[in-house]
Amino acid sequence: MRILIIGAGGVGSAAARIAVRRDFFDALVIADYDPARPQALVDDLGDGRLAAAQVDASDADSVASLIRTHGATHVLNAVDPRFVMPIFDGCFAAGATYLDMAMSLSRPHADKPHELPGVKLGDEQFAQEQRWADAGLLALVGIGVEPGLSDVFARYAEDELFDEIDELGVRDGANLVVAGYDFAPSFSIWTTIEECLNPPVIFERDRGWYTTAPFSEPEVFDFPEGIGPVECVNVEHEEVLLMPRWTKAKRVTFKYGLGDGFIQVLQVLHKVGLDRTEPIAVKGVQVSPRDVVAAALPDPATLGDRMTGKTCAGVWVTGTGKDGQPRSTYLYHVADNEQTMREYNSQAVVWQTALNPVIALELLAAGVWSGAGVRGPESFDARPFLDLLAAPAPGGYGSPWGIKEL
């Protein structure tokens, strides 16, 4: 296997740091628009299988050319979702397996944005599903942590824990604190604005997909391993678009523990137009307001040494268990920033996101996971993934997951 990681930011760098401890691949190229970033990472890791390259992720031809130049068989998209389609198309043109952690962007319904979906997350990719399948190529979409590991949990719950699922409720919360900053998102602010200010999507089997207002239906969820109660609200996320395609769940939701202060900042950004992506003229220069916000905030990849606490990702599953009795179960994975910094020099949120595509790549390399078309993580057998995740190193990744009965 010859891997190309596009994007040398927090998640791309963390994926490389995780991957170099494994022996399932022959070569790993890390590419970025700024060639100095991947070169610094390659120099730091000192692994002879690694190389750095330059790429324009907005140009499918540039992506395809780089894939061919390095003979890459698998491409991990580790840049923000603006670049999903050029990378996706570049992989198809070059005949490479594609993986991403966020899917093609949505567009709200023109007339009823808080009732009906417009263009949904991933619609542009799923529109090409038959094309990929006919070509015998695989696009494994949404294989980060959320989406990604949460979807693997959903598959596991349906196969091994439940006879009937009433709801798959993805719940994400943390008690992370970044010292010295009043506002410092632990993940890409560009992506955070996109998913938090777009109309959240909910799925119901007898209704299909529908939307609500941002930050709707608040609830307090008690997260495990010392994180505790966190208020969570509806947020647009890929799991709600993926899980219904491969599970029989009657309802699918996603709620994120943001906190009042974080929500207020996002609402202000929206009110003054700083969440917009369309360029505006500023003293004769065309700039995107959202890019200005991102440039003004600290790079999430650099916050690890100021960050304390844990982050938790998981799925709250309710329904009927294998014994025929009502069951309410939370399947989860926790990342402790102190541990991820100590062992990988990566802060917890980006490390937890990057871990899962690397595991998926190893399963693909071994032929344990295989297939063609545009597929989500829940379309594959969950047990090999979860076993590899939890098994002690060097055989596995030494990162246990948990089950909490509610």
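The values are calculated or read from the model by the stated rules, or taken from the named source; none is laboratory data. Keep in mind it's a predicted model, so treat the numbers as computed, not measured. Here the Cβ positions follow ideal geometry from the backbone for every residue, glycine too, while neighbour counts run over all protein chains shown. Just so you know, the surface numbers come from the protein's heavy atoms only, side chains and all, with ligands and any DNA or RNA stripped out. Shrake-Rupley method; radii C 1.70, N 1.55, O 1.52, S 1.80 Å.
Net charge dipole, the stretch 117-204: roughly 460 debye, given to the nearest 20, about the Cα centre with Cβ charges of +1 for Lys and Arg and -1 for Asp and Glu. Could you work out how far apart the two model spin labels at A390 and D323 are, taking each label as a point 7 Å from the Cα in the direction of the beta carbon, and quote it in nm? Distance between label points: 1.9 nm.
Listed values for the stretch 131-140 are Karplus-derived 3J(HN,Hα) couplings in whole Hz (6.51 cos²θ - 1.76 cosθ + 1.60, θ = phi - 60°), namely 4, 5, 5, 4, 7, x, 9, 10, 10, 8, and x replaces Gly and Pro.
Rolling a 1.4 angstrom probe over the stretch 290-370 with all protein chains present gives an accessible area of which 48% lies on carbon and sulfur atoms. Per-residue packing, averaged as other Cβ atoms within 10 Å, sorts the ranges 289-297, 321-329 into the order 289-297, 321-329, beginning with the highest.
If you bin every alpha carbon distance in the stretch 146-256 into 5 Å steps from zero, what whole percent lands in each bin? Using 5 Å bins, I get a P(r) of 2, 11, 19, 22, 21, 14, 6, 3, 1, 0 for the stretch 146-256. The modelled label-to-label distance for the pair S58/D260, using points 7 Å beyond Cα in the direction of Cβ, is 4.0 nm. Rounded, prolate or oblate: which fits the stretch 364-406, taking a ≥ b ≥ c as square roots of the Cα gyration tensor eigenvalues, rounded meaning a/c under 1.5, else prolate when a/b beats b/c? Because a/c hits 1.5 or more and a/b fails to exceed b/c, the stretch 364-406 counts as oblate. Classification of the stretch 336-386 by its C-alpha gyration tensor yields a prolate form. The axis ratio a/c (a ≥ b ≥ c) is 1.5 or more, and a/b outweighs b/c. For the stretch 65-122, the percent of C-alpha pairs falling in each 10 Å distance bin, counted from 0 to the bin holding the largest distance, reads 23, 39, 22, 12, 3. FRET efficiency for the pair S65 and E225, taken as 1/(1 + (r/R0)^6) with r the Cβ-Cβ distance and R0 = 60 Å, rounds to 0.85.
Please state, rounded to one decimal and in Å, the Kirkwood hydrodynamic radius that the chain gives when every pair of distinct Cα atoms enters the mean of 1/r.
21.4
For the pair D123 and V272, what calculated FRET efficiency results from E = 1/(1 + (r/R0)^6), where r is the Cβ-Cβ distance and R0 = 22 Å, to the nearest 0.05? Calculated value: 0.15.
Here the stretch 81-132 exposes an accessible surface that is 51 percent carbon and sulfur, computed with a 1.4 Å probe and the other protein chains kept in place.
Summarising the amide proton neighbourhood of V374: residues at separation of 5 or more, or on other chains, whose placed amide H is nearer than 5 Å comprise A133, A139. For the pair N345 and V287, label points projected 7 Å from Cα toward Cβ lie 3.2 nm apart. How high is the FRET efficiency from D23 to F183, r the C-beta distance, R0 35 Å, rounded to 0.05? After rounding, the FRET efficiency stands at 0.25.
Here K283 is the anchor, and the lysines within straight C-alpha reach of less than 29 Å, apart from those fewer than 8 places off in the same chain, are K271.
Taking a ≥ b ≥ c as the square roots of the eigenvalues of the Cα gyration tensor, an a/c ratio of 1.5 or more together with a/b no larger than b/c marks the stretch 301-406 as oblate. As I understand it, the dipole of the stretch 264-317 uses +1 on the Cβ of Lys and Arg and -1 on the Cβ of Asp and Glu, about the Cα centre. Which of C312, A294, H270 lies farthest toward its positive end? The listed residue farthest towards the positive side: H270.
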